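Peer 1: Have a look at this one.
The values are calculated or read from the model by the stated rules, or taken from the named source; none is laboratory data. Since this is a predicted model, take the numbers as computed values, not measurements. All Cβ positions, even for glycine, are placed from backbone atoms using ideal geometry, and neighbour counts span all protein chains on display. For accessibility, only protein heavy atoms count, side chains too; no ligands or nucleic acids. Shrake-Rupley method; radii C 1.70, N 1.55, O 1.52, S 1.80 Å.
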Amino acid sequence: MPTILGQNQYGKAENRVVKITRDGDTHHIKDLNVSVALSGDLDDVHYNGSNANCLPTDTTKNTCFAFAKEHGIESAEQYGIHLARHFVDSQPSIHRARIRIEEYAWERIAGSDGNSRFIGADEVKHSFVRKGQETRLAQITYSAGGDEGAKFEVLSGLKDLTVMNSTNSEFWGYIKDKYTTLQEDYDRILATSLSTWWRHNWTSHEQRMPQWEKSYEQARKHILQAFVETYSLSLQQTLYQMGSRVINSRSEIDEIRFSAPNKHHFRQDLSAFGLENEAKDGAVYYAADRPYGLIEATILRDGCEPHIPVDMTNL
């Protein structure tokens, strides 16, 4: 046989699962985009077209919706753990399941203080507006038992979290050659749209499971606080401070990887109009979306090995 089969996986991508939980008149929304990838004893389906070991992708789709009803969605991570374990433990031919989830956040719309509520409503608790900030991410991988036994890998993260410091950022002292035109800047805007994944050290039900919702909220909080509190001489320095803050503050996280496209803001040259445009006076900037500097880094707890693929955050 001149060719052999390499790595392969299959599943149903981008299942849009929306779960409404009713707590009396108060409703709660979990809005997920769920992708399933399965791998295992699947040589025959590729070589011979035999589907004997193949769980249909339509079945994986149905399972995503059924599990949302049967088990609820406490968190993206917990929901993904249920799904991944089900696919591997219920199907002898499936040895590894990866569940990748995007979560879209909603917030409540407050009613007016006037008398415009509809008849019979004391307070409206079921109307929402989609948040325009970041998208929450989760990826759960569950592998069947081998020498080390069955285990999980849980990654959490976010993308499209756009942040800006309008001062307390500099950039100078860099290499200069005959192609360098960039001027040193001692008071610049630092802005980026963060994409990041972090890896939990929880790998089995024998360990105490993290509180996934709290863990995410706290990791996000520490990322933002470090961004605010770092006087930045480079975006690389800021990324390292953000990652260090998360790992030092959250014992359940061993690794975090950032991808940070630098959203450049250049002071516009207004000298032709007889106008100075200095940062200290409140400047006018040109926001350039392309090309952009792409800064990426992994920060690890000392003694831990990296596991997050480097291309997962290179968007």
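Peer 1: Using only the alpha-carbon atoms, how far is helix 235-249 inclined from the longest principal axis of the chain? Give it as 0 to 90 degrees, nearest 10.
Peer 2: Computed tilt is about 50 degrees.
Peer 1: Counting each DSSP H run of 4 or more residues in the chain as -39500 (n - 2.57), what helix-only mean residue ellipticity at 222 nm follows after dividing by all residues, to the nearest 500 deg cm²/dmol?
Peer 2: Value at 222 nm, helices only, nearest 500: -7000 deg cm²/dmol.
Peer 1: Still on this structure: Evaluate the distance, in nm, between pseudo-label points positioned 7 Å from the Cα of residue 277 and of residue 14 along their respective Cα→Cβ axes.
Peer 2: 3.9 nm
Peer 1: Just grab the label-to-label distance for residue 214 and residue 178, each label 7 Å out from Cα along the Cβ direction, in nm (one decimal).
Peer 2: Result for the modelled spin labels: 6.2 nm.
Peer 1: Taking 1 over the mean of 1/r across every pair of different Cα atoms in segment 169-315, what Kirkwood radius in Å do you get?
Peer 2: Taking every pair of different Cα atoms in segment 169-315, averaging 1/r and inverting gives 17.5 Å.
Peer 1: HN-Hα J couplings of segment 69-79 from phi, Karplus 6.51/-1.76/1.60, θ = phi - 60°, integer Hz, Gly and Pro as x?
Peer 2: 7, 5, 10, x, 10, 5, 7, 4, 5, 5, 4
Peer 1: Tell me, what ³J(HN,Hα) does each residue in segment 4-10 have, in order and in whole Hz, if you take phi through Karplus 6.51 cos²θ - 1.76 cosθ + 1.60 with θ = phi - 60° and put x for Gly and Pro?
Peer 2: 10, 7, x, 3, 8, 7, 8
Peer 1: What whole-number value in cubic angstrom gives the convex hull volume per residue for the C-alpha atoms of segment 1-69?
Peer 2: Hull volume over Cα atoms, normalised by residue count, gives 86 Å³.
Peer 1: So if I place +1 on the C-beta of Lys and Arg and -1 on the C-beta of Asp and Glu, and nothing else carries charge, what would the dipole magnitude of segment 1-59 be about its Cα centre? I want it in debye, nearest 20.
Peer 2: 200 debye
Peer 1: Less than 13 Å Cβ to Cβ from residue 52, Lys/Arg counted +1 and Asp/Glu -1: what total charge do the surrounding residues give?
Peer 2: Values: positive: none; negative: 41, 43, 44.
Here the charged neighbours net out to -3.
Peer 1: Within 10 Å, Cβ to Cβ, of residue 219, how many net charges do the neighbouring residues add up to if Lys/Arg are +1 and Asp/Glu are -1?
Peer 2: Around residue 219, the surrounding residues sum to +3.
Peer 1: Using only Cα atoms, figure out Rg for segment 32-84 and give it as a multiple of 2.2 N^0.38 Å.
Peer 2: Cα-based Rg divided by the globular estimate yields 1.35.
Peer 1: Which whole number in µm²/s is D for the chain by Stokes-Einstein, with the Kirkwood Rh taken over Cα pairs at 10 °C and 1.306 mPa s? Please report the intermediate quantities before stating the final value.
Peer 2: Numbers: Rh = 22.8 Å.
Approximately 70 µm²/s, per Stokes-Einstein.
Peer 1: Follow-up. How large, in percent, is the carbon and sulfur part of the accessible surface of the chain at a probe radius of 1.4 Å?
Peer 2: Of the solvent-accessible surface of the chain, carbon and sulfur hold 47 percent.
Peer 1: Over its Cα atoms, what ratio of radius of gyration to 2.2 N^0.38 Å does segment 243-315 give?
Peer 2: 1.70
Peer 1: A further question follows. Just the number please: accessible area per residue for the chain, 1.4 Å probe, all protein chains included, in Å².
Peer 2: Per residue, the chain has an accessible area of 58 Å².
Peer 1: Which pairs in the list 69/214; 61/221; 19/221; 12/159; 221/263 are over 29 Å apart, alpha-carbon to alpha-carbon?
Peer 2: Working: 69/214 23 Å; 61/221 33 Å; 19/221 26 Å; 12/159 22 Å; 221/263 21 Å.
With Cα atoms farther than 29 Å apart: 61/221.
Peer 1: So, one more: Please name whichever of 306, 94, 56 sits farthest to the positive end of the charge dipole of the chain, dipole taken about the Cα centre and charges placed at Cβ: Lys and Arg +1, Asp and Glu -1.
Peer 2: The residue sitting farthest along the positive end of the dipole is 56.
Peer 1: Could you give the dipole magnitude of segment 191-266 about its Cα centre, charging the beta-carbon of Lys and Arg +1 and that of Asp and Glu -1, in debye to the nearest 20?
Peer 2: Rounded to the nearest 20 debye, it is 160 debye.
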